[in-house]
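Note sheet for the following structure.
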Amino acid sequence: MDTTAELKNVALEQKHVSLGAKMVPFAGYNMPVSYTGLNDEHMTVRNAVGVFDVSHMGEFILKGDDALDLIQRVTSNDAAVLADGKIQYSCLPNDKGGIVDDLLVYRINEKEYMLVVNASNIEKDWNWISNYNTKNVEMKNISDSVSLLAVQGPKAILALQKLTDINLSEIPYYSFKKGTFNGEANVIISNTGYTGAGGFELYFANEVADKMWDAIFAAGAEFGIKPIGLGARDTLRLEMGFCLYGNDIDDTTSPIEAGLGWITKFTKEFTNKAAILEQKEKGVSKKLVGFEMIDRGIPRHDYPIADASGNIIGKVTSGTQSPSLNKAIGMGYVQTAFAKADSEIFVMIRDKAIKAKVVKIPFYKA
């Protein structure tokens, strides 16, 4: 269990405290979970612009002639297709059929890449990748020196464009530019996010974090910019059907079961390829699905899922009352026979079977 004495602080911790954020232990860090309330923050991102401090995320730099070779061997997606300035969503398969972590791969140039990993898995991922580093690729863990702000929402581009000469409208989705932002050189401006609301993620040195935060909020004032906590980050990502490591995917769930076949490329060699390919070809016994509640009730992590006869057929991995849709939604693993859209399932909430139906994700369509 996290205790405050053991928690790490992000560079902007005092900024969040001064703004009245509710701070909670998260992945070993003291992080803001909410400011003005989850629904208000959620809708601010959907309709205007909000700023998340996600500096707890991990960043590794891999450099050298064999950097790509190492990435190819440890990740499921095909990083060879990346050009400079491009980003790829991928995962690190383990050797038992599960997932070590999901991550982003940034190609800085032919011999230099940045991997962005989940905060709770920084040490685990570092050790896993290091074990495969048989060709002396230069690896550097820069997680503790980098701050990361996710400026998300339809008006994010209007606010951020004031602070850089880089034409943000010319950065395609899952692409990035490295350049000057708010007078600071070597800032990575990435057209990515975890909300489905559009926007950018900015990587920069901890030393300029306060300066960056203040400038972004000044630039976004006319658009109703607000600080957003991790609570709304979770409801926003769930509306899009994005997986959260530790909930929807983990060391026991395969990419095929999780619906991540699209980031699993069998045109190259990678960890546990043969077993995952066999799953793809022969099928799996359970699948991750999205569902919406028909009867009243909010699904929560680990609630059992049953069929009409009361047989347990799976369990909930994520669930919430969707602020955008005003209905309860969730994700969970069910037996494959129940994975088709419109399948009737029941979420067991306090020993009561509450009716739900399987739906295609994303739940929220802009």
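Every number here is computed from the coordinates shown, using simple stated rules; none is lab data. Because the structure is a prediction, the values reported are computed rather than measured. Every residue, glycine among them, receives a Cβ derived from its backbone with ideal geometry; neighbour counts consider all protein chains shown.
The table below gives the values:
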read-out	value
Hey, residue 7 surrounded by fewer than 19 Cβ atoms within 10 Å (Cβ to Cβ) and either within 21 Å of the chain's Cα centre (by Cα) or not aromatic (Phe, Trp, Tyr) (or both) or not	yes
Meets criteria (touching a Pro at 6+ places or on another chain (Cβ under 9 Å) and in contact (Cβ under 8 Å) with a residue 12 or more places away in the chain) for residue 290	yes
Selection status of residue 251, assigned to a loop (DSSP other than H, G, I, E, B) and either without any contact (Cβ under 8 Å) to a residue 24 or more places away in the chain or over 28 Å from residue 71 (Cα atoms) (or both)	no
Single residue of region 155-200 satisfying the filter (in contact with a Lys or Arg (Cβ under 9 Å, 6 or more places away or on another chain) and acidic (Asp, Glu)) that is surrounded by the most Cβ atoms within 10 Å (Cβ to Cβ)	184
In region 216-231, the residues that are closer than 27 Å to residue 27 by Cβ and either of a type in the set (A, V, I, L, M) or in a strand (DSSP E or B) (or both)	216, 225, 226, 227, 228, 230
Count of residues meeting criterion [of a type in the set (A, V, I, L, M, F, W, C) and either within 15 Å of residue 197 (Cα to Cα) or without any contact (Cβ under 8 Å) to a residue 60 or more places away in the chain (or both)] in region 226-248	6
All strands (runs of 3 or more DSSP E) inside region 93-186 with 2 or more residues being under 30 Å from residue 252 (Cα atoms) and touching a helix residue (DSSP H, G or I) at 6+ places or on another chain (Cβ under 9 Å)	99-109, 112-117, 138-141
In region 1-57, the residues that are more than 21 Å from residue 238 (Cα to Cα), assigned to a loop (DSSP other than H, G, I, E, B) and either small (Gly, Ala, Ser) or touching a Pro at 6+ places or on another chain (Cβ under 7 Å) (or both)	2, 7, 11, 19, 20, 21, 28
